[in-house]
There are 2 protein chains.
Amino acid sequence: MFIELDLQSETPIYAQLVDQIVEGIASGELKRGDPLPSVRRLAEELGINLHTVNKSYNLLKQEGFLQVHRKQGVIVHPDGMPGVTEAFEAKLQRQLRSLAAEAAVRGMTEEAFTEESRSVYRDTITNRGGG
Amino acid sequence: MFIELDLQSETPIYAQLVDQIVEGIASGELKRGDPLPSVRRLAEELGINLHTVNKSYNLLKQEGFLQVHRKQGVIVHPDGMPGVTEAFEAKLQRQLRSLAAEAAVRGMTEEAFTEESRSVYRDTITNRGGG
DNA sequence: ATATGTGTTATACATGTAATATAACAGATG
DNA sequence: CATCTGTTATATTACATGTATAACACATAT
């Protein structure tokens, strides 16, 4: 897998895992219906506990990004991703507001902030490594 | 004060406080040298504990946003705000990446994401209420 | 001097989250 | 039957959050 954890980070492991799986879908590295490792295998691979992986998988399942097949195990949701919900819009605005405020206070211009957002978006959907 | 806390939120109170003070500076509601309420007064005003306010003030002091005068109490730093440090750049990119990935997966276009960033930035530096 | 108001520090306590460790269960697969 | 799925339950450790109480050093005003 492409996942790299920072065990020193203040960001919880399960949250890092959620982020990187979503980023994997965004970059095209993970496509509809693609299988993910079992909770036990991924946990061992990453050197973390089964329950931590399970927590991440469950969050992603609740959000509609993943699906659990009794047969195929955990897979990327084959019927497409959920759209821009109100909950996501609210979260997006809340976090952007916090970042924009600090950026503005530190002297970052509107253009710089906007272009950084654009740049990061582009990097995100760009395929990484070899798919 | 202009501060409104959401005690039900999963965002820690001290973090909400930090955010809103930074937003107050960004919007121009708080200017260089402006005094802030004492930890005890603000705590009582908001119905929270002294130490929670103190934690927020300390974080803002360490970042260089606030200054503590033995005489004037806590004030907005009079010598200007800190610039775009490497640490802030890293934090900005890390959080933007997470948001951009989820936005992209949910079908939000680069333009939509970029314009939302620009819009939030503008709202942030726009004066609120009556300064 | 006394009282009051600063920020600061120390200690203690309660609560919730994060992460780990074992263990067991139901269903599917070989 | 053994093995591999996700899932659930329980227990434990560690840390973050928030509150509570108290005290300290310094400054101000009466």
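The values are calculated or read from the model by the stated rules, or taken from the named source; none is laboratory data. The shown structure was predicted, so the numbers you read here are calculated from the model rather than taken from an experiment. Cβ coordinates were reconstructed from backbone atoms using ideal geometry, including for glycine residues, and neighbour counts include every protein chain displayed. Remember, those area values only see protein heavy atoms, side chains included, never the ligands or the DNA or RNA. Shrake-Rupley method; radii C 1.70, N 1.55, O 1.52, S 1.80 Å.
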Task: Size of charge dipole - the range A:86-125 - debye, nearest 20, with Cβ of Lys, Arg +1 and Asp, Glu -1, no other charges - done: 140 debye
Task: Label distances, nm, B:Gln62 versus same residue in remaining copies, Cβ-directed 7 Å point - done: 3.0
- [ ] Could you tell me which residue in chain A puts its beta carbon nearest the axis mapping A onto B, with the distance rounded to whole Å?
- [x] A:Ser117, 2
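For chain A, which DSSP H helices look membrane-span-like by this rule: Cα extent along the axis of 18 Å or more and mean Kyte-Doolittle of at least 0.5? It would help to have the intermediate numbers written out before the result.
On the way: long enough: A:13-27 (21 Å, 0.85); A:50-63 (20 Å, -0.87); A:86-105 (28 Å, -0.10); A:110-125 (23 Å, -1.09).
Going by DSSP H runs, the hits are A:13-27.
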TODO: For the B and A pair, go ahead and give the buried accessible area with a 1.4 Å probe, both sides summed, in Å² to 100.
DONE: 4400 Å²
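Ordering A:Asp6, B:Asp19 from largest to smallest accessible area (1.4 angstrom probe), what's the sequence?
A:Asp6, B:Asp19
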Task: 7 Å along Cα→Cβ, label-point gaps from A:Val84 to other copies, nm, shortest first - done: 2.4
- [ ] Using just the helices of chain A, give the 222 nm mean residue ellipticity in deg cm²/dmol: DSSP H runs with n ≥ 4 each add -39,500 (n - 2.57), and the total is spread over all residues, rounded to 500.
- [x] -18000 deg cm²/dmol
TODO: Report the charge-dipole magnitude of the protein assembly as shown in Debye, nearest 20, computed about the Cα centre from +1 at each Lys and Arg Cβ and -1 at each Asp and Glu Cβ.
DONE: 540 debye
Task: Residue-normalised accessible area of chain A, expressed per residue, 1.4 Å probe, Å² - done: 55 Å²
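Out of the total accessible area of the protein assembly as shown (probe 1.4 Å, heavy atoms of protein only), what percent is carbon and sulfur? Present the calculation step by step, with values, prior to reporting the outcome.
On the way: 6640 of 14420 Å².
Whole-percent figure for carbon plus sulfur exposure: 46.
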TODO: Might you report the magnitude of the Cβ-based charge dipole of chain B about its Cα centre, with Lys and Arg at +1 and Asp and Glu at -1, to the nearest 20 debye?
DONE: 620 debye
Task: nm² value of the averaged projected area, convex hull over the Cα atoms of the protein assembly as shown - done: 15.6 nm²
Open item on the list: Which of rounded, prolate or oblate describes the range B:86-125 when judged by the alpha-carbon gyration tensor and an a/c cut-off of 1.5?
Closed with: oblate
- [ ] One decimal, nm, shortest first: give the distances between the label point of A:Ile125 and those of the same position in the other copies, each label point 7 Å from Cα along Cα→Cβ.
- [x] 2.7
Open item on the list: Please report the projected area of the range B:18-100's Cα convex hull averaged over all directions, in nm².
Closed with: 6.4 nm²
Task: Test item: A:111-119 mean partner chain Cβ contacts at 10 Å - done: 6
- [ ] Could you tell me the distance between the Cα centroids of the range A:1-68 and the range A:99-125, to the nearest Å?
- [x] 27 Å
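For chain B, what's the relative contact order in percent, using C-alpha pairs closer than 8 Å and at least 6 residues apart?
Working: 106 pairs, mean separation 35.6, N = 131.
Value for chain B: 27 percent.
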